[in-house]
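J.: Take a look at the following structure, please.
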Amino acid sequence: MQKQNPLLRVWELGKSQHSGLICAVISAFLGVLGGMLPYFAAAQMIVNLLEGNRDMSLYFKWLCIGMAGYLVRTLLYTLALSISHKATFSVLKTIRQKILAKLPKLPLGTVTDMSSGKMKQLIVDQVDGMETTLAHLFPELTANIAGPILIIVYLFILDWRMALLSLVSIPAGMVFLMTVMGSYSKDYEGAVGTTKEMNETIVEYINGIEVIKAFNQGKSSYAKFSDRVKANAKYYYNWMKKSQFGMSMAYSIVPATLITILPVGFVFYRGGSLSA
């Protein structure tokens, strides 16, 4: 049996809300385009300042364009998130209903072998995990990939040398990101395991609270419950701590395009091969 792509499977499960998710993607994309306007407006004002232009009406016009772009970006981005979240919660409701409808059809042995903690993790936690993909990944990632692609194309039209220089920081930042992603599979597997143990302990503690009190075992039972919760928190803390340096370096280096653009661009400008 051929294994289906997880993203395609999630998209298939959200069939009833495809129109809303597509609308969210379009709104987010238009918002990204609107967010670019302030940069173009600022560039035009800088160029005019360097040329000694003192026409205040010209600067006011570009200022209004920049503010309008920022307003469009804010409104459309908010609209996209609102639409995508409404559609997502509807999809998650449908998925949970399908799981619960299938549960009585499973063999009794399969159900009894499944611990209450695992069942809670499947129906609650794993379904909740799809919220990020549907509500954020589809609209935001799609729009935020399309925007930079358009910018890169525009940069290559302006000057291919400067476009290449603007990309140098990306592989440099990816080197640090790979130090985090290299062990992601193992770390995530451990996170799933410790969360499953915690969920099982929580459900067992809640279900047996009356018996625990009746036999005066509250202290020892709560200690087990508390240890599992602390162990779960400690695992995630250590994972985040281990990943912090690589992620921080990646997020700092990837956007730092001016490190290459300013010095090399100045050399090109002094040499006469690049205009202001």
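The values are calculated or read from the model by the stated rules, or taken from the named source; none is laboratory data. Keep in mind that this is a model prediction, so the values were computed, not measured. Virtual Cβ from ideal backbone geometry, glycine too; neighbours counted across all protein chains shown.
J.: Could you identify the single residue in Ala163, Ala276 that is hydrophobic (A, V, I, L, M, F, W, C) and at pLDDT 85 or above? Give the derivation first.
T.: Values: Ala276 fails: at pLDDT 85 or above.
Testing whether each residue is hydrophobic (A, V, I, L, M, F, W, C) and at pLDDT 85 or above leaves just Ala163.
J.: Still on this structure: Can you pull out the residues in region 220-272 that are of a type in the set (Phe, Trp, Tyr), at pLDDT below 90 and within 28 Å of the chain's Cα centre (by Cα)?
T.: Passing the criteria: only Tyr251.
J.: When Pro38 is evaluated against the numbered criteria (1) of a type outside the set (Lys, Arg); (2) in contact (Cβ under 8 Å) with a residue 60 or more places away in the chain; (3) over 30 Å from Glu131 (Cβ atoms), which criterion, by number, is the only one it fails?
T.: Pro38 satisfies all of (1) of a type outside the set (Lys, Arg); (2) in contact (Cβ under 8 Å) with a residue 60 or more places away in the chain; (3) over 30 Å from Glu131 (Cβ atoms) except (2).
J.: Say we look at region 90-119 and pick out the residues that are part of a helix (DSSP H, G or I) and in contact with an Asp or Glu (Cβ under 8 Å, 6 or more places away or on another chain); which of these is farthest from Gly193 (Cα to Cα)? Write out each step before concluding.
T.: Applying the first criterion (part of a helix (DSSP H, G or I)) to region 90-119 yields 90-105, 108-113, 116-119.
Among the residues that remain, those that are also in contact with an Asp or Glu (Cβ under 8 Å, 6 or more places away or on another chain) are: 92, 116-118.
On the way: Leu92: 23, Ser116: 15, Gly117: 11, Lys118: 10 Å.
Among residues in region 90-119 that are part of a helix (DSSP H, G or I) and in contact with an Asp or Glu (Cβ under 8 Å, 6 or more places away or on another chain), the one farthest from Gly193 (Cα to Cα) is Leu92.
J.: Still on this structure, I have one more. Considering only region 12-63, how many residues are closer than 30 Å to Pro139 by Cα, exposed (fewer than 14 other Cβ atoms within 10 Å of the Cβ) and among the hydroxyl-bearing types (Ser, Thr, Tyr)?
T.: Going through region 12-63 one residue at a time, the tally reaches 3.
J.: Taking region 246-276, which residues are hydrophobic (A, V, I, L, M, F, W, C), under 30 Å from Ser183 (Cα atoms) and either in contact with a Leu (Cβ under 9 Å, 6 or more places away or on another chain) or without any contact (Cβ under 8 Å) to a residue 40 or more places away in the chain (or both)?
T.: Met247, Met249, Ala250, Val254, listed by residue number.
J.: Out of Ile99, Ile83, report the one residue that is more than 15 Å from Gln17 (Cβ to Cβ) and either surrounded by fewer than 13 Cβ atoms within 10 Å (Cβ to Cβ) or assigned by TED's automatic domain parsing to the domain that holds Ala28 (or both).
T.: Details: Ile83 fails: more than 15 Å from Gln17 (Cβ to Cβ).
Just one listed residue meets the conditions, Ile99.
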